[in-house]
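Just below is one structure, and these are the notes that go with it.
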Amino acid sequence: MKTFFNYLDKILTYLCILFLVIIILFTIARVVDRYLIRLPVRGFQEITILAFTWGIFLGSALAVRRKSHFKINIWPDESSINIIPDTISKVIILVLGFIFLIQGYDMAVSSLTRFSRELGLSRAIFIAPIPIMGALIILFFIEDMADNIKNYISNRNNEVQG
C-alpha cells in the first residue's frame, strides 16, 4: 500500500512541476506576443488558468499527504496532549475533502455544457481538479490513519515485550 501512495505522490509531484512549467512558458509567450509580435494568439490565457487551477488543487492534496499544510502547535511537540488538536485537524481535513469531492463533482457536472470562450473547452475541465483534490485528500487521510494504527499496534507490542 505504501508503494502505491509513494507512486501517486511522485506522479502528483511531476504533474505540479509540469503545470508550473506550462504557467511560466505561456505567461512568457503571452508577454512576448503582446509587446513584441502584437498578433493576438488565442488560448494562452485559458491554458495558463487551466494549468494554474490544476496545479493549485493537486498541489494542495499533495501538501495534505506530506503534512506540509499550515499547522500551529499549541503545546510542545513532545507533549502527548497534541493528539487532541491533531485529531481535530485531521477530522476537519477529512470533512473538507468530502465537501470538495461532493460539491466539486456537482459543479463539474453542472458545467459540462458550458464552454470556454477562447478554446471552446468544457468548463468542467477547469472545475475537475476540485473533486479530484477531495478524493485525494480522503485517500491520503486513509493512508495516514492506516499508518497511525500500524504505529499504535507496533508501539503496544513493544510495550508488552519490553
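The values are calculated or read from the model by the stated rules, or taken from the named source; none is laboratory data. Bear in mind that the values here come from a model prediction, so they are computed numbers and not experimental data. Note: ideal-geometry Cβ built from the backbone for every residue, glycine included; neighbour counts use all protein chains shown.
Summary table below
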read-out	value
Members of segment 104-117 found to be part of a helix (DSSP H, G or I) and either closer than 26 Å to residue 13 by Cβ or of a type in the set (A, V, I, L, M) (or both), listed by number	104, 105, 107, 108, 109
Identity of the residue in segment 118-162, without any contact (Cβ under 8 Å) to a residue 12 or more places away in the chain and in a loop (DSSP other than H, G, I, E, B), that ends up farthest from residue 54 (Cα to Cα)	162
Residues satisfying the stated conditions in segment 24-49, i.e. surrounded by 14 or more Cβ atoms within 10 Å (Cβ to Cβ) and not in a helix (DSSP H, G or I)	41, 43
Test: residue in segment 143-162 that is modelled with pLDDT of 95 or more and small (Gly, Ala, Ser)	no
Qualifying residue in segment 108-125 (condition: under 21 Å from residue 56 (Cα atoms) and within 15 Å of the chain's Cα centre (by Cα))	no
Qualifying residue in segment 90-100 (condition: farther than 30 Å from residue 47 by Cα, modelled with pLDDT under 90 and not in a loop (DSSP other than H, G, I, E, B))	yes
